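The values are calculated or read from the model by the stated rules, or taken from the named source; none is laboratory data. All figures in this text were calculated on a predicted structure; none of them were measured in a lab. So basically every Cβ, Gly included, is an ideal-geometry build from the backbone, and we count neighbours across all protein chains shown. Note: areas computed on protein heavy atoms with side chains; ligands, DNA, RNA excluded. Shrake-Rupley method; radii C 1.70, N 1.55, O 1.52, S 1.80 Å.
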Amino acid sequence: MRTAAQQIFQTCNKLFSRKTPNSVLEAHPSNIEAAAHLENIQHISSPSNPPSVGASRQHVHHVDAVMERAHHGGGWLLSGIICMNILILGCSFVAGNAMSGIITSVHLQIFLIVLILLTMLWMLYYIVFTSRKDQAAVFQDSHAGPVWLRVGLVLFGLLSLLMDCFKIVTYVGYLHCDSAVKVAFPVVQAVFLFLQTYFLCRHAKDCVQLHTNFTRCGLTLTLSTNLVLWMAAVTEESIHQTDVPHFNTSVSHKMYRASYGDKQCQCSHSVCDTFKEAFYYLYPFNIEYSLFASAMAYVMWKNVGRLVEDHSHHKIKFRPKDVCVGPVTGTLVVLAGLITFIMYEMYILQEDREKRDEALLIHFISNIVIVSLMSIYAVVGCIVYRLDCREHVSEKNPTRTLDMGLLVGASMGQFIISYFTIVAVVATGASGYLNALNLAWAVLIVLQLGLQNYFIIEGLHREPFHVMQEAALHTNAHALQEQVEMSVVMETSKTNYFLNGVDELSWKRKILKEVCAFLLLSNIILWIMPAFGARPQFDHPMEIKFYKFTMWAAIVNVGLPFGIFYRMHSVASLFEVYLTS
């Protein structure tokens, strides 16, 4: 008995006294992947292949980075908690400002200024200290921050900067009778736009290996700040676009009006009214900028501590001459949509009921035609995918996963509005051509969203055509190596590939590119209409009478911003599918 007790004591003593790196890693189940990377790194630098001095130094940095992630795996949880708390607090401020008179726009702007300043401090720390250290970001995610996304970020950032300039000029005229915070906020936001655009364009591809916990927290702070700014901008723009109908007198008009401060406070210069209306037309670009920045920050957060394999990234050129039918019909749809949208905006503001009904008739018919054509094109693209033999991408990619999640999630906003409309029209048995067109539009929207989501997700999951052709190229070269020298075959095949394989597209590739081009342009016009003020949901009173104004306004003002973002995100995803087809 004594011998057995001694053995148990010695075994326990060994377990508690001997700690290896593997035991530390096993104590954290979330770090199994990091441990696997560490073993791979150690296996590469085995004694049988002694590394050089530079490689040994790089190996040490890699091991240190992996060990840091292994010991501090709680950074994911901490950064998630920070993001969640900021988002909930931001929602409370935005909702309180919209629904009550206690939290004013000044209180909300002070909260946003604090968030922006904290985010800028972290960005400066990353740019000045973290990014300049050796081995801080030795790995780059080639899929993150593509050129088109950075160009869009810069474009929307410039238009948002113009919006802030208009706000500064406007609110300077009210300094004698209103708070100076209203001038300070656009000034701080303008500096934030400049710094964040530089930060994301420069470091969007970084897979940070040092200071991982602090970097994760900083990126979630950036993500949540942009989302709170997006919520504030969407709420203010929705309130500005929402008019209380004259037949609904039970609703407080305070919630549904543009807030310019006290009506007794008069502007000190004559251009206030012009700039007031001007910067509201720039709100859609500011909204899209915040969403672009949020998406890029999220991908950077997912890439923190990620060890990316060094694959050669193929540069895909944009060749508009490959397609003809899709761009031509898409351009015609955009032009026709712009004409009908202008007519809608002109007629809907008139007091004559017949003119308003005519505006709704034009808008419904134009949207039904556009959505029907998009559904037909999407069906053709889906059929081509069924005939396509390309393999599905098996590589894990945070950017692709985010694109698909945003695509499906954002489409829920338009789904909600459409289904609520269908239920209202069918339940009331509403008659008349406007109700029939409204019902047809809602049903077609549901059909088109489903088909387009399937088409885009299938396209994002398929291997690019040039990858499949190069795989076949190497296979053919290997089969002919007994008769001809390998190098001669490869050079000849590559020459034929670049001369014939790219210039002469197969019929499948041509059809897919035509479909992508048409859907891309059609989504642009479907983004323009609601983003710049088309609100048939409030101009047609059927849903308001069925759900009552307060509930219907909440449904539309929550679902429509997601629907607007869905159209812009679809444009980005379709452009990527176009390039890989």
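Residues considered: 163, 120. Of these, the only one that is under 25 Å from the mean Cα position of the chain (by Cα), under 18 Å from residue 215 (Cβ atoms) and open to solvent by less than 70 Å² (accessible area, probe 1.4 Å) is 120.
Filtered by the rule that a residue be within 17 Å of residue 303 (Cβ to Cβ), of a type outside the set (A, V, I, L, M) and not in a strand (DSSP E or B), the range 134-154 gives 135, 141, 142, 143, 145, 146, 150. Go through the residues of the range 250-270 one by one and say whether even a single one is of a type in the set (Phe, Trp, Tyr) and either at positive phi or at pLDDT below 75 (or both). Yes; the residues of the range 250-270 include at least one that is of a type in the set (Phe, Trp, Tyr) and either at positive phi or at pLDDT below 75 (or both).
Out of 129, 139, one residue alone is in contact with a Leu (Cβ under 8 Å, 6 or more places away or on another chain) and more than 17 Å from residue 229 (Cβ to Cβ). It is 139.
Selection of the range 183-198 for residues being within 17 Å of residue 286 (Cα to Cα) and either in contact (Cβ under 8 Å) with a residue 40 or more places away in the chain or of a type outside the set (A, V, I, L, M) (or both) yields 185, 186, 188, 189, 191, 192, 193, 194, 195, 196, 197, 198.
Within the range 331-374, the set of residues being more than 13 Å from residue 525 (Cα to Cα), free of Cβ contacts under 8 Å to residues at least 24 places away in the same chain, among the aliphatic types (A, V, I, L, M) and open to solvent by 70 Å² or more (accessible area, probe 1.4 Å) comprises 346, 349. Of all residues in the range 552-566, those that are within 17 Å of residue 425 (Cβ to Cβ) and open to solvent by 20 Å² or more (accessible area, probe 1.4 Å) have Cβ atoms under 9 Å from Cβ atoms of residues that are hydrophobic (A, V, I, L, M, F, W, C) and part of a helix (DSSP H, G or I), 6 or more apart or on another chain, in 555/416; 555/417; 555/420. The sole residue among 409, 405, 429 that is in contact (Cβ under 8 Å) with a residue 40 or more places away in the chain and more than 18 Å from residue 538 (Cα to Cα) is 409.
So in the range 87-129, with the set limited to residues that are assigned to a helix (DSSP H, G or I) and among the small types (Gly, Ala, Ser), which one is modelled with the lowest pLDDT? Filtering the range 87-129 for residues that are assigned to a helix (DSSP H, G or I) and among the small types (Gly, Ala, Ser), the one modelled with the lowest pLDDT comes out as 98.
Residue 413 - would you say it is in contact with a Phe, Trp or Tyr (Cβ under 9 Å, 6 or more places away or on another chain), small (Gly, Ala, Ser) and within 18 Å of residue 567 (Cα to Cα)? Yes; evaluated as a whole, the condition is true for this residue. For the residues 504, 576, the requirement of being in contact with a helix residue (DSSP H, G or I) (Cβ under 8 Å, 6 or more places away or on another chain), farther than 23 Å from residue 361 by Cα and at pLDDT below 90 singles out 576. Among the residues of the range 123-160, those that are polar (S, T, N, Q) and open to solvent by less than 30 Å² (accessible area, probe 1.4 Å) comprise 130, 160.
The residue that is modelled with the highest pLDDT, counting only those in the range 389-408 that are part of a helix (DSSP H, G or I) and open to solvent by 40 Å² or more (accessible area, probe 1.4 Å), is 408. Residue 433 meets each of the listed conditions (1) at pLDDT 90 or above; (2) of a type outside the set (Asp, Glu); (3) over 18 Å from the mean Cα position of the chain (by Cα); (4) open to solvent by 30 Å² or more (accessible area, probe 1.4 Å) apart from (1). On inspection, residue 518 qualifies as crowded, with 21+ Cβ neighbours inside 10 Å and assigned to a helix (DSSP H, G or I). Determine whether the range 151-160 contains at least one residue that is farther than 18 Å from residue 294 by Cβ and at pLDDT 80 or above. Within the range 151-160, one or more residues are farther than 18 Å from residue 294 by Cβ and at pLDDT 80 or above. For residue 381, the conditions (1) under 24 Å from residue 577 (Cβ atoms); (2) open to solvent by 60 Å² or more (accessible area, probe 1.4 Å) are fulfilled apart from (2).
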